[in-house]
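The values are calculated or read from the model by the stated rules, or taken from the named source; none is laboratory data. Given the structure is predicted, the values throughout are model-derived calculations rather than measurements. Note: ideal-geometry Cβ built from the backbone for every residue, glycine included; neighbour counts use all protein chains shown.
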Amino acid sequence: MERNEPTAETARAPGTVYLVGCGPGDPELLTLRAYRLLQSADVALYDHLVSDEVMALLPGKVQRVYVGKERDRHTMPQEVINDLLVRYAREGKHVLRLKGGDPFVFGRGGEEIDTLAAQGVAFEVVPGITAALGVAAYAGIPLTHRDYAQSCLFVTGHRKEDGFEMDWHALTRPRQTVVVYMGLLGLPALCDGLVAHGMSADTPVAVIQQGTTHEQRVVTGTLRTLAQKVAEAMLTPPTLMIVGDVVRLRDRLGWFRPQGRPVGSDAPLERARTSGT
């Protein structure tokens, strides 16, 4: 598909929808393609995890439509979001669908472009740095390392009423790193489940809150101690959990110092956010 920016001459032509990955929070992590599209948008439908700093890059003329989802609180059903994308595109608009992280990593991007394809709407996907990569880097935790982990597994930690739907055998394989998205609410049960299925209770674990931003906080421990430490630190979403021996490297590889706090500090911020997913 050609990647031509909309012009005055093509303003009346059928529009295009751009699914744009906005990364984990730091606007400096946007791709050049994402930044250019932000400057030429007509309307932006944005998720809860798109940071304020990224939204600030949109020109004032851009129509903003919040379609974010939080746990047990959805602004609008996914079907309505899909219909809005189609409607705006058929009005000839340059439509941005802004997503935290990457559109194709737990972002429901595939569902949305499936609708667009079925409706004959032109679209493009702009990859972003997914939270696992960006947050781990800013926390000083390499996801793979030849001395500790030769593979990495991304999973979601949403808990249902009857527990987790997890492939525990896959999660507990040796010499790998497990990254859990959206696992804060079920963190104690998740830690217990990993131990119950064979992972050592002394396995290092980290939970990172609002990674890559100036409100980043990191709490480290083991599967045995982490739940209590996270509770004491009063972490709030959005968070990412990293499980594996690579977490041992944080003490010497941590480099990002948000708000002037020393690496490894889990002291509460004066104005910590209290909402998210």
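Annotations for the structure displayed:
- Pairs meeting the criteria (first residue in the stretch 202-217 and not assigned by TED's automatic domain parsing to the domain that holds ASP26 and among the charged types (D, E, K, R), second residue at pLDDT below 95 and assigned to a loop (DSSP other than H, G, I, E, B), beta carbons under 6 Å, at least 6 apart or on different chains) are GLU215/LEU269; ARG217/ASP266.
- Residues that are exposed (fewer than 15 other Cβ atoms within 10 Å of the Cβ) and outside any loop (DSSP other than H, G, I, E, B) do occur in the stretch 194-201, at least one of them.
- So GLY109, is it at pLDDT below 95 and farther than 16 Å from VAL179 by Cα: yes
- Among residues of the stretch 222-232, those that are buried (at least 18 other Cβ atoms within 10 Å of the Cβ) and outside any loop (DSSP other than H, G, I, E, B), counted: 3
- Of the residues making up the stretch 233-249, those that are outside any helix (DSSP H, G or I) and in contact (Cβ under 8 Å) with a residue 40 or more places away in the chain are LEU235, THR236, PRO237, PRO238, THR239, LEU240, MET241, ILE242, VAL243, GLY244.
- Selection within the stretch 111-133 - within 22 Å of the chain's Cα centre (by Cα) and not β-branched (Val, Ile, Thr): GLU111, GLU112, ASP114, PHE123, GLU124, PRO127, GLY128, ALA131, ALA132, LEU133
- Checked against the criteria, MET182 does not count as surrounded by fewer than 21 Cβ atoms within 10 Å (Cβ to Cβ) and either at pLDDT below 95 or over 24 Å from ARG252 (Cβ atoms) (or both).
- Qualifying residue in the stretch 120-143 (condition: acidic (Asp, Glu) and free of Cβ contacts under 8 Å to residues at least 40 places away in the same chain): no
- Options GLY157, GLY211, GLY198, GLY186: the member that is at positive phi and not charged (D, E, K, R): GLY198
- Among the candidates GLU270, GLU232, the residue that is out of contact with any helix residue (DSSP H, G or I) (no Cβ under 8 Å at 6 or more places or on another chain), over 19 Å from PHE154 (Cβ atoms), at pLDDT below 95 and among the acidic types (Asp, Glu) is uniquely GLU270.
- Being assigned to a helix (DSSP H, G or I), crowded, with 16+ Cβ neighbours inside 10 Å, at pLDDT 95 or above and of a type outside the set (Asp, Glu) is a property that VAL54 has.
- Some residue of the stretch 60-77 being under 25 Å from PRO27 (Cβ atoms), of a type in the set (Ser, Thr, Tyr) and assigned to a strand (DSSP E or B): yes
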